[in-house]
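Encoded as structure tokens, the structure appears first; notes follow it.
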Amino acid sequence: MREDILQASRLIREAHLVVALTGAGVSVESGIPPFRGKGGLWERLDPMEFAHIDAFLRNPARVWDILVREMKDIVDRALPNSAHLALARLEKMGDLAAVITQNIDGLHQAAGNRDVIEFHGSFARQRCMKCGKIVPTHLVSLKSLPPRCECGGILRPDCVFFGEAIPLEALTRSQELSSNCDVMLVIGTSAEVQPAASMPRIAKYAGARIIEINTEPTPLTASYSDLWLKGRAGEVLESLLSSL
Ligand code: APR
């Protein structure tokens, strides 16, 4: 067993409150591409042109056609992988209080985690921009774009576009958990996008130990992470589970 994994499991065992912050790297093994780095979505599409609220309002049909259609195809088919399942086991064992996720694929809930904070909302739901009705994404037909609600309003993903605020409840609960946790597992995120990337910093300043699980180093690794468990989220989390 890797020494760093043993150290991490000791920290988790001694902790009263463990919180996870997850990013796209957790869902890579479910077939959902990350945003940055090798094969990242933003290597092919300019996020400011397709994932910014102003771009959506300017031309919803184009954003649906280029970005949302692809996301829908991928998310409709995606299943939880060993990383999601390991985090659900950790919660069941009482070793994980909540997951703050930047991901919009709904896979943490599908894996069984009950306390999941959707920091960037969820792509599993579409919301009518006129009447506010929520429609499950897999029920939305793409025959005509942009898809519309029965009331005639345009449907939009119920997630946070660039240029939009984080849902207040998600933000305040995440800040509270980050300020009170003893250990934060930071898994599969490039830690570049604010305000999500502030959560590990808030935790660190409040005295928590930061355990980073990532295939690559991030801006957190050198200055905030107490441990960097290098590797794929699924494998590392399974090893961590077996050492607890
Ligand atoms: N296991 C662990 N980490 C992985 C794996 C893996 N199998 N594959 C990739 N990674 C790591 C990469 O090294 C990178 O650090 O996951 C991270 C993915 O980074 P991003 O693609 O930037 O995803 P994320 O950090 O979630 O992006 C944050 O940016 O575009 C916005 O709203 C979007 O929520 C997203 C936010």
What number goes with the only condition from (1) assigned by TED's automatic domain parsing to the domain that holds ALA191; (2) of a type outside the set (D, E, K, R); (3) more than 22 Å from VAL193 (Cβ to Cβ) that LEU21 does not pass? (3)
For the stretch 159-168, enumerate the residues that are under 22 Å from ALA78 (Cα atoms) and part of a strand (DSSP E or B). CYS159
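Conditions tested, residue by residue: (1) under 13 Å from the mean Cα position of the chain (by Cα); (2) among the polar types (S, T, N, Q); (3) not assigned by TED's automatic domain parsing to the domain that holds ILE213.
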{"site": "GLU70", "(1), (2), (3)": "no, no, yes"}
{"site": "LEU96", "(1), (2), (3)": "no, no, no"}
{"site": "THR101", "(1), (2), (3)": "yes, yes, no"}
{"site": "GLY112", "(1), (2), (3)": "no, no, no"}
{"site": "ASP115", "(1), (2), (3)": "no, no, no"}
In the stretch 125-149, the residues that are modelled with pLDDT under 95 and charged (D, E, K, R): ARG125, LYS143
For the stretch 72-94, the count of residues that are open to solvent by 20 Å² or more (accessible area, probe 1.4 Å) and under 16 Å from the mean Cα position of the chain (by Cα) equals 6
Residues that are open to solvent by 50 Å² or more (accessible area, probe 1.4 Å), more than 19 Å from ILE12 (Cβ to Cβ), within 13 Å of the ligand (Cβ to nearest atom) and among the aromatic types (Phe, Trp, Tyr): does the stretch 120-130 have at least one? no
Hits in the stretch 23-61 (condition: surrounded by fewer than 18 Cβ atoms within 10 Å (Cβ to Cβ), away from the ligand (no atom under 11 Å from the Cβ) and at negative phi): ARG44, ASP46, GLU49, ILE53, ASP54, LEU57, ARG58, ASN59, ALA61
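The values are calculated or read from the model by the stated rules, or taken from the named source; none is laboratory data. In this text the structure is predicted, and so the values were computed from the model without any measurement. Cβ: placed from backbone, ideal geometry, glycine included. Neighbour counts: every protein chain shown. The accessibility values were calculated without ligands, DNA or RNA, using every heavy atom of the protein model including side chains. Shrake-Rupley method; radii C 1.70, N 1.55, O 1.52, S 1.80 Å.
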